[in-house]
1. For R101, enumerate residues with amide H under 5 Å from its amide H, sequence gap 5+ or separate chain, H modeled in the peptide plane.
2. Quick one: grab the alpha carbon gyration tensor of region 1-83, order the square roots of its eigenvalues as a ≥ b ≥ c, and give me rounded if a/c is under 1.5, else prolate or oblate depending on whether a/b is larger than b/c.
3. Determine the order of V81, V9, V67 by accessible area, beginning with the largest, at a probe radius of 1.4 Å.
4. Calculate, for region 1-73, the solvent-accessible area per residue in square angstrom, rolling a 1.4 angstrom probe over the heavy atoms of the protein chains.
5. Probe 1.4 Å, all protein chains in place: accessible area of W73 in Å², nearest 10?
Amino acid sequence: MSERVVVRVVSAGQVDAAERLAITALGWISSDINRIGGFIDRTGIRADKIRQAAASRDFLLGVLEHVMSDEEWLLMPFCAVSKASPRDVCEARDILASPYRIKHGGPENLIPKILPRRGFS
């Protein structure tokens, strides 16, 4: 039996918004020594590699997954500061996690997407 892959159709704006929310989350995590320490401990990334890694959609996906991993200490405080809802964070995570096509008002162009890995090293 073959595995079925579901490809989402999203706008370029939705992808940009998902990435911006993840970058906002990374900035929020980085603003507190305990939060950034927990992020580094959990992901194993070296602190000097975070800026470079932030250009990767897979890394940004990992940032959102990290925020979603603790509702009380991470998700709800981030939502309060960013004015995003938990649903917004979940939707952004889903957009970055799944293969997608970007609809450009005409024919859809398939954007190559590698499914995320769990490690960040």
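The values are calculated or read from the model by the stated rules, or taken from the named source; none is laboratory data. Only a predicted model underlies this, so the values are computations on that prediction, with no experimental measurement involved. Accessible surface is based on the protein model in full, side chains and every heavy atom, while ligands, DNA and RNA are left aside. Shrake-Rupley method; radii C 1.70, N 1.55, O 1.52, S 1.80 Å.
1. Close amide H contacts, sequence-distant or interchain: R8, V9, V10.
2. prolate
3. V81, V9, V67
4. Heavy-atom accessible area per residue stands at 62 Å².
5. 120 Å²
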